[in-house]
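Below is one structure, written out as structure tokens; the observations come after it.
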Amino acid sequence: MDHGVMPSSVSGKPKRTKWPWAAFGANVGVSGFAAWVPLYVLQLGGTVVEVALLTSLYNVVIIPASVFWGKTTDRLARRRFFFLVSSSGATAVFMAIYLLRNFAALTVLYPVLGIVVVANAPAAGLLVRETSDKESWMSSFSWLALLQMSGSVLGTLAGFLWVGILPLATFSIFCAGSACFSFILAFYLISEPAVHPETVQLGSLTAGLSRTYHRLVFKSRHLFVKAFSPSNVAKQFRAMRNAAMTGRLFLLLSAFVIYAGNSVISTPFTPFLASRGVLDNEVFAVYSINILLQMVVYRWIGSFIEVPGKMKSVLKIILLRPLLMVILASSALLYSGDLLFGIVSVFFGILGATFAIWNSATSVALYSSLGESRQGSILGWYTAIVYLGVVVGSLFSGYLASYLGYPITFTIGAVLTLLTFFIQKVALRNLGYIDIPSHK
């Protein structure tokens with residue numbers, strides 16, 4: 001859940017801590033690099049299939065990495081340490097990719113980056129709680145999320161300027177510099193707080209806070225990862241008779257489908273733009289607009305969702321997403337070059353804004369339905385299913401684009417997104433957000 005969309009629940013302006021600036025610096029390099037990787041794969045002679053496989057591999061490693069770092073954070077009561085590990089590891093990976101400059105090295109090092117960038121995610125969630133009063137947690141998360149997304153915008157904008165002047169391969173130097181700057185900020189801005197009993201109990205629930213440390217639109221923020229067991233699976237299915245549990249299950253299913261649909265669009269999107277004559281630096285500009293519009297939406301959508309009855313409006317917005325995807329599919333057939341760049345900048349940006357609305361509404365519905373027990377397990381399922389959707393969508397998108405073409409691939413993404421509308425409708429009805437019509 002992106003707490004950046006929620007207003008503070010306390011009166012007055014809370015004091016903003018400085019340590020989240022370290023997260024800002026980290027996101028500059030990581031987000032810029034995520035937009036750069038597909039372009040670099042194509043420059044190295046790869047195709048949309050290689051882009052899809054590499055993206056899938058990167059996302060696969062994130063799940064066990066998040067579990068590992070979460071457990072390690074619980075056992076080692078340090079916060080700055082994990083920020084230093086993440087930023088130094090990212091710096092090393094970025095420089096190694098620049099020095100080696102071949103696809104084999106990128107195939108090994110890109111998943112390694114996925115492992116190290118999530119190292120500080122659990123520590124970030126705990127720092128929010130340890131450096132602010134309980135009443136200010138929401139606004140503190142907002143401040144952290146705002147800086148993270150601002151870093152993402154700056155990283156892609158930097159790519160637009162850098163690649164427009166310098167060779168594409170050198171951009172990893174900028175990413176390394178950003179990660180190194182994050183290391184310095186973490187060293188000077190983060191001190192090790194005292195560990196309180198309440199914080200220790202929250203540790204297992206914050207183990208997977210890695211949403212905005214990865215590429216752009218494709219993952220939800222501030223969610224949690226927890227290991228699962230067969231007994232937990234059995235408990236989930238035994239609870240299906242409960243309406244709230246049924247609603248949660250359909251929310252999980254909608255998350256899988258919409259993230260799979262997103263990946264079917266987003267993974268081959270850069271190769272599609274490149275194949276139609278859009279310049280490398282213009283690709284960065286497209287992603288910058290997408291993230292910027294997401295950030296704007298996250299700043300105001302919280303108060304909108306809290307108004308009774310507005311969930312119906314959010315549900316209707318989902319129907320706008322397939323239309324936007326069909327426009328992208330049509331553009332793949334009709335336009336190229338600067339004209340395509342202009343069209344895509346507008347409609348791909350709006351697509352990002354509608355995703356932010358869906359993500360916020362789904363997170364609110366999920367969190368409000370958690371109940372008193374098995375919260376970590378439910379949230380863990382949500383995160384795992386989100387990543388599974390990303391991996392499945394990414395994996396198949398490359399082959400779809402390669403064998404069926406970009407227009408059909410984007411149309412398949414639109415169909416999956418349309419399916420999300422019906423699944424989400426069932427979920428919100430079971431959770432009480434939409435009235436179930438009475439039958440006479």
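The values are calculated or read from the model by the stated rules, or taken from the named source; none is laboratory data. What you see is a predicted model, and the numbers here were worked out from it, not measured in a lab. All Cβ positions, even for glycine, are placed from backbone atoms using ideal geometry, and neighbour counts span all protein chains on display.
Annotations
- Subset of the stretch 77-96 (residues that are touching a residue at least 40 places away in the same chain (Cβ under 8 Å), of a type outside the set (K, R) and surrounded by 21 or more Cβ atoms within 10 Å (Cβ to Cβ)): F82, F83, S86, S87, A90, T91, F94
- Residues satisfying the stated conditions in the stretch 359-368, i.e. surrounded by fewer than 24 Cβ atoms within 10 Å (Cβ to Cβ) and of a type in the set (A, V, I, L, M, F, W, C): V364, A365, L366
For (1) over 27 Å from V51 (Cβ atoms); (2) crowded, with 19+ Cβ neighbours inside 10 Å, each residue gets a yes or a no:
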residue: A65; (1), (2): no, yes
residue: R75; (1), (2): yes, no
residue: F103; (1), (2): no, no
residue: Y110; (1), (2): no, yes
residue: I115; (1), (2): no, yes
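- Filter result (within 30 Å of W162 (Cβ to Cβ), in a helix (DSSP H, G or I) and among the charged types (D, E, K, R)) within the stretch 244-291: D280, E282
- Checked across the stretch 361-376, the condition of being of a type outside the set (G, A, S), within 16 Å of the chain's Cα centre (by Cα), closer than 22 Å to G432 by Cβ and modelled with pLDDT under 80 holds for at least one residue.
- Within the stretch 103-137, being small (G, A, S) and touching a residue at least 24 places away in the same chain (Cβ under 8 Å) holds for G114, A119, A121, A123, A124, G125, S132, S136.
- Of the numbered criteria (1) at pLDDT 95 or above; (2) buried (at least 24 other Cβ atoms within 10 Å of the Cβ); (3) of a type in the set (S, T, Y), the one Y40 fails is (2).
- Residue that is farthest from R79 (Cα to Cα) [pool: residues in the stretch 168-214 that are under 22 Å from the mean Cα position of the chain (by Cα), modelled with pLDDT of 50 or more and among the small types (G, A, S)]: S172
- Residue in the stretch 299-332 that is farthest from V344 (Cα to Cα), counting only those that are among the polar types (S, T, N, Q) and modelled with pLDDT under 85: S303
- Residues of the stretch 320-329 classified as under 21 Å from the mean Cα position of the chain (by Cα) and surrounded by fewer than 19 Cβ atoms within 10 Å (Cβ to Cβ), total: 1
- In the set E135, E130, only one residue is farther than 26 Å from S56 by Cα, modelled with pLDDT under 90, acidic (D, E) and surrounded by fewer than 17 Cβ atoms within 10 Å (Cβ to Cβ); that residue is E135.
- Of all residue pairs spaced 6 or more apart or on separate chains, those with beta-carbon atoms under 8 Å, a first member in the stretch 332-347 that is touching a residue at least 24 places away in the same chain (Cβ under 8 Å) and more than 16 Å from F410 (Cα to Cα) and a second member that is of a type in the set (D, E) and assigned to a helix (DSSP H, G or I) are F341/E282.
- Of all residues making up the stretch 241-256, the number that are within 19 Å of the chain's Cα centre (by Cα) and surrounded by fewer than 24 Cβ atoms within 10 Å (Cβ to Cβ): 3
- Contact annotation: residue pairs with Cβ atoms under 7 Å, 6 or more positions apart or on different chains, pairing a residue in the stretch 166-188 that is under 18 Å from T156 (Cα atoms) with a partner that is surrounded by fewer than 16 Cβ atoms within 10 Å (Cβ to Cβ) and among the charged types (D, E, K, R), are A169/R101.
- Restricting attention to the stretch 110-134, the residues that are more than 15 Å from T17 (Cα to Cα) and not aliphatic (A, V, I, L, M) total 5.
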